Amino acid sequence: MSEASETADKTLPLDAWHRAQGARMVSFAGYAMPIQYEGIMVEHRWTRESAGLFDVSHMGQLTISGDDLDAALETVFPADLSLLKDGRLRYSLLLNDEAGIIDDLMVTRRDDHFYVVVNGATKDGDIAVLRSRLPASIGLDHLTSQALLALQGPKAAEALARIVPGVDALTFMTGDAFEINGVPAWISRSGYTGEDGFEISIPAEDAEKVAGLLIAQPEVKPIGLGARDSLRLEAGMPLYGHDLDETTTPIEADLGFAISKRRKEEGGFPGAARIQHELANGTITRRVGLAVLGRQPVREGAMVVDGEGNEVGRVTSGGFSPVLETPIAMAYVPVASAEPGTAIRLASRGKIFEAKVVPMPFVPHRYIRKGAGQ
Amino acid sequence: MSIYYTQEHEWISVEGDTATVGITDFAQGQLGDIVFVEVPAAGTQVKKGGEAAVVESVKAASDVYAPLTGQIVEGNAALEADPSLVNSDPEGEGWFFKLTVSDNHELSGLMSAEEYKAFCDAQ
């Protein structure tokens, strides 16, 4: 009945700060990370109602620069970078030659270079793949001396604008350079909770100072990885290594939106042939959201079973939704069973669970988009 | 009435030949917010060390093992409606099940309150 304990993991810039805030630390992506402070349920609800501060410094921050950059990067990402304006970011994917997902990431055009944020557990592999696929003339830097914070929730803009005047002028999926009490910061209006919010890249040496300024705001509390996972699940967002991996393609994962129309038609990126084939002919399975009947959560690894009890799919994320107060899950199911309303049977821990395909997100997104009025 | 503890973080309160079983305050603190509990039905035979109940937090599922061999007299129906009783009153209203003790000798292998406290402090 015990959980992951402290190990000899690498420490992040805010390690001592988290411990001083009362965090319980666990091993994640090779680092000691805060799983919770007060409790996952309280932290989750606080983020949905006010603003939560997340330390995501384990993620990889890269810059990519050089001549003919758009063309070079279009050989590795399926994004339409020619449409991406300065200070704008996009969700994209790193794919293998069979269209398996090596990582999901955010790419931002920043003046003469691109800024890319990748998952912590995959960053070293990503860098190796990028280096092997990009021409030698393209520069690739891993910003190991930068920390990354995320401030998420409906009161995030109000709290952050108090210490960073003007930051609330950013709209969803845009970013710019700011200063926080003299600390240079790259801030984007983005995140992975489904809430309005910001991601803040700052020098690691200033991370404690900035985190302290943020939690001094009455709207802000530090939030652990436990609530980060339940928030992103409610938001219907896949988690790399769980809902996505090298055996899943973007079409199976229902991430076709991350590949622009032009790139789908023209190809010219790893795995393009497979994606074009799947777009024309469909896939066998697809990632869907499930509402699980009853109160017992169904976890990652549970089987999706047919009427005869044969495994036809798998649950890739599952838990209890603190907002809906019911179990929810993401699963790969046969395409014929992927329509909302379809009854799904799951097998886990020696029991059969009844579930229903439902549209995602489970909890509506609340982004502040351009032209939406503020 | 005597109270005993296991290394799996269950408490056992024995009165006559009936034992009431739950998880300790230390255990609920480790698990975090409890969102689901499944308790055994009356009449179920359980064996010491065998699976007897399931407890799920927001994060993870855990089995609860029977600390003694015996027959279940009652599962705590209140936990179905309000699993958070395990968080708010783990060693009281948040009990899991009562069973009839079939072998008193099994009690001798359990820890006292002092021994359990020392065991938790060493975790």
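Go through (1) of a type outside the set (Phe, Trp, Tyr); (2) over 27 Å from A:Glu300 (Cα atoms); (3) at pLDDT below 95 and name the single condition B:Glu74 misses. With (1) of a type outside the set (Phe, Trp, Tyr); (2) over 27 Å from A:Glu300 (Cα atoms); (3) at pLDDT below 95 applied to B:Glu74, the lone miss is (3).
Any chance the range A:59-77 includes a residue that's in contact with a strand residue (DSSP E or B) (Cβ under 8 Å, 6 or more places away or on another chain), within 29 Å of B:Val58 (Cβ to Cβ) and hydrophobic (A, V, I, L, M, F, W, C)? Yes, the range A:59-77 contains a residue that is in contact with a strand residue (DSSP E or B) (Cβ under 8 Å, 6 or more places away or on another chain), within 29 Å of B:Val58 (Cβ to Cβ) and hydrophobic (A, V, I, L, M, F, W, C).
Among the residues making up the range A:164-198, those that are surrounded by fewer than 16 Cβ atoms within 10 Å (Cβ to Cβ), outside any loop (DSSP other than H, G, I, E, B) and not charged (D, E, K, R) are A:Ala169, A:Ala177, A:Pro184. When the helices (runs of 4 or more DSSP H) confined to the range A:205-276 are screened for residues that are surrounded by fewer than 21 Cβ atoms within 10 Å (Cβ to Cβ) and either more than 22 Å from the chain's Cα centre (by Cα) or free of Cβ contacts under 8 Å to residues at least 24 places away in the same chain (or both), those reaching at least 3 such residues are found at A:207-215, A:261-266. Condition test on A:Ala121, is it of a type in the set (Gly, Ala, Ser), in contact (Cβ under 8 Å) with a residue 12 or more places away in the chain and in contact with a helix residue (DSSP H, G or I) (Cβ under 7 Å, 6 or more places away or on another chain)? When the stated conditions are applied, A:Ala121 does not pass them.
Look through the range B:50-85, keep the residues that are of a type in the set (A, V, I, L, M, F, W, C) and more than 12 Å from chain A (Cβ to nearest Cβ), and return whichever of them is nearest to the chain's Cα centre (by Cα). Step through it out loud before you land on a result.
Looking only at the range B:50-85, we keep the residues that are of a type in the set (A, V, I, L, M, F, W, C), and these are B:52-55, B:58, B:60-61, B:64, B:66, B:68, B:72-73, B:77-79, B:81, B:85.
Next cut, more than 12 Å from chain A (Cβ to nearest Cβ) only: B:52, B:66, B:68, B:72-73, B:77-78, B:85.
Working: B:Ala52: 9, B:Ala66: 7, B:Leu68: 10, B:Ile72: 12, B:Val73: 14, B:Ala77: 14, B:Ala78: 15, B:Leu85: 13 Å.
Here the residue is B:Ala66.
Out of the range A:305-328, which residues are surrounded by 15 or more Cβ atoms within 10 Å (Cβ to Cβ) and not hydrophobic (A, V, I, L, M, F, W, C)? Across the range A:305-328, the qualifying residues are A:Gly313, A:Arg314, A:Thr316, A:Ser317, A:Gly318, A:Gly319, A:Ser321, A:Pro322, A:Thr326, A:Pro327.
Given the condition of a type in the set (Gly, Ala, Ser), assigned to a loop (DSSP other than H, G, I, E, B) and touching a residue at least 12 places away in the same chain (Cβ under 8 Å), answer yes or no: does some residue in the range B:1-12 qualify?
From the range B:1-12, those of a type in the set (Gly, Ala, Ser) are B:2; that's our starting set.
The next check asks that each one be assigned to a loop (DSSP other than H, G, I, E, B); those that pass are none.
No - not one qualifying residue is present in the range B:1-12.
Within the range B:1-21, being within 11 Å of the chain's Cα centre (by Cα) and of a type outside the set (Phe, Trp, Tyr) holds for B:Thr6, B:Glu8, B:His9, B:Glu10, B:Ile12, B:Ser13, B:Ala19, B:Thr20, B:Val21.
Mind checking whether some residue in the range A:100-107 is under 25 Å from A:Gly66 (Cβ atoms) and assigned to a loop (DSSP other than H, G, I, E, B)? No, the range A:100-107 contains no residue that is under 25 Å from A:Gly66 (Cβ atoms) and assigned to a loop (DSSP other than H, G, I, E, B). All of (1) within 20 Å of A:Tyr240 (Cβ to Cβ); (2) touching a strand residue (DSSP E or B) at 6+ places or on another chain (Cβ under 9 Å) hold for A:Asp176 with one exception: (1). The sole residue among A:Glu74, A:Glu98 that is over 17 Å from the mean Cα position of the chain (by Cα) and more than 26 Å from A:Ala177 (Cα to Cα) is A:Glu98. In the range B:22-36, the residue that is nearest to the chain's Cα centre (by Cα) out of those that are facing chain A (nearest Cβ under 9 Å) and under 12 Å from B:Ser57 (Cα atoms) is B:Ala27.
Check A:Ala331, A:Ala302 and return the single one that is crowded, with 21+ Cβ neighbours inside 10 Å, of a type in the set (A, V, I, L, M, F, W, C) and within 13 Å of A:Leu233 (Cα to Cα).
Values: A:Ala302 fails: within 13 Å of A:Leu233 (Cα to Cα).
Of the residues listed, the single one that is crowded, with 21+ Cβ neighbours inside 10 Å, of a type in the set (A, V, I, L, M, F, W, C) and within 13 Å of A:Leu233 (Cα to Cα) is A:Ala331.
The number of residues in the range B:66-90 that are buried (at least 16 other Cβ atoms within 10 Å of the Cβ) and either closer than 21 Å to B:Gly109 by Cβ or among the basic types (Lys, Arg) (or both) comes to 6.
In the set (1) of a type in the set (Lys, Arg); (2) within 20 Å of A:Asp254 (Cα to Cα); (3) within 14 Å of chain B (Cβ to nearest Cβ), A:Arg287 fails one condition alone, (3).
Among residues of the range B:93-105 that are more than 17 Å from B:Ala53 (Cα to Cα), those with a Cβ under 9 angstrom from a residue that is surrounded by 15 or more Cβ atoms within 10 Å (Cβ to Cβ) and among the basic types (Lys, Arg), sequence gap 6+ or separate chain, pair up as B:Asp103/B:Lys48.
On inspection, A:Ala302 qualifies as within 14 Å of chain B (Cβ to nearest Cβ) and in contact (Cβ under 8 Å) with a residue 24 or more places away in the chain. I'd like to know if the range A:34-47 contains one or more residues that are more than 30 Å from B:Ala66 (Cβ to Cβ), more than 14 Å from every other protein chain (Cβ to nearest Cβ) and of a type in the set (A, V, I, L, M, F, W, C). No, because not a single residue in the range A:34-47 is more than 30 Å from B:Ala66 (Cβ to Cβ), more than 14 Å from every other protein chain (Cβ to nearest Cβ) and of a type in the set (A, V, I, L, M, F, W, C). Applying the set (1) assigned to a strand (DSSP E or B); (2) among the small types (Gly, Ala, Ser); (3) without any contact (Cβ under 8 Å) to a residue 12 or more places away in the chain to B:Gly29 leaves exactly one unmet item: (1).
Let's see how each residue does on (1) under 20 Å from A:Thr316 (Cβ atoms); (2) of a type in the set (A, V, I, L, M, F, W, C):
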| position | (1), (2) |
| --- | --- |
| A:Leu244 | yes, yes |
| A:Asp254 | yes, no |
| A:Glu266 | no, no |
| A:Asn281 | no, no |
| A:Gly289 | yes, no |
| A:Glu300 | yes, no |
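The values are calculated or read from the model by the stated rules, or taken from the named source; none is laboratory data. Here the structure is a predicted model, which means the values were calculated and not measured. For neighbour counting, all protein chains shown are included, and Cβ atoms are generated from backbone atoms with ideal geometry for every residue, glycine included.
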